[in-house]
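Taken together, the values in this text are just the output of simple stated rules run on the coordinates, not laboratory data. This is a predicted model, so every value here is computed, not measured. In this analysis, Cβ positions are derived from the backbone assuming ideal geometry, glycine residues included, and neighbour counts consider all displayed protein chains.
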């Protein structure tokens, strides 16, 4: 019995010693463990955003709007000091202080300046003739920085009936030159107007002669590609044709798409005077018109195609 107890004690001591060795080995393994580098947080440097300098916008001169002697005006780029009608010269004088390139818009009246026969005026800035925009009696005049005086002349000045020296500008050479230039411009304009009138009269005479010889037959064709929008208003060739009463119009389809030529309009529909019905490629249809008048027509397949036949 004592032998058994002794053996048990020895076994217990050996077991405890083995457990101590095993635990020591485990603890040594844990202490040598190196964490994975994958768990280390990564830091990335991002530079601050680049700031772009934007210069402040260039200040714009505020427009000045006012009126003087019932003449309404707006000026940008300067200040109007005075507006004074000049009855002796049939003109208006605008004195101003302009520090920038600018623009004056002024509405004239018949009492202030009587325009030329065609309703226009003649304008100078500091004695130099300038171009301007006119809508009715409203004039828009551009001027350069440091300009001081704008003169607007009318019909009395064009007539040239005033003595230059009696106008009070004998000491102002620029004004004198401007007046001489205005007279020349008026003469040139009168000559140009006469030439234009003569040309218009000749054209009217030619048209009248052509109308007197209106043909008895003509051919009308659709323009190429007229089966799609975009040919307007010249989808037929010719789009407006003239024939003599009793003449015949031949509608020939030279296009790749089928077309009709139907009297009336796309907006109001057919009016029943004539209808070629559908004309296929390279086919044609004749229409004889006996009564004088104007006959609009269109294509019922492609309503953007419209034309006119005039019978005389």
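Numbers below:
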{"quantity": "Residue 206-residue 20 pseudo-label distance in nm [points 7 Å out on the Cα-to-Cβ vector]", "calculated": "13.2 nm"}
{"quantity": "Residue 84/residue 240 FRET efficiency (R0 41 Å; Cβ-Cβ; nearest 0.05)", "calculated": "0.15"}
{"quantity": "Fewest-first sequence of 255, 198 by Cβ atoms within 10 Å of each Cβ", "calculated": "198, 255"}
{"quantity": "Taking the range 217-311 and dividing mean pair separation by its residue count, relative contact order in percent (alpha carbons under 8 Å, at least six apart)", "calculated": "34 percent"}
{"quantity": "Dimensionless Rg/Rh of the range 217-311 - Kirkwood Rh, Rg from C-alpha atoms", "calculated": "0.92"}
{"quantity": "FRET efficiency, residue 267 to residue 288 (Cβ-Cβ, R0 41 Å, nearest 0.05)", "calculated": "0.95"}
{"quantity": "Cα Rg, Dmax, the range 99-149, angstrom units", "calculated": "11.5, 36"}
{"quantity": "Neighbour-count ranking [beta-carbon atoms within 10 angstrom, fewest first] of 143, 274, 11", "calculated": "11, 274, 143"}
{"quantity": "Cβ-derived FRET efficiency at R0 51 Å, residue 257 paired with residue 192, nearest 0.05", "calculated": "0.60"}
{"quantity": "Burial ordering of 149, 184, 72, fewest other beta-carbon atoms within 10 Å first", "calculated": "184, 72, 149"}
{"quantity": "Cα gyration tensor, the range 230-279 - rounded (a/c under 1.5), prolate or oblate", "calculated": "rounded"}
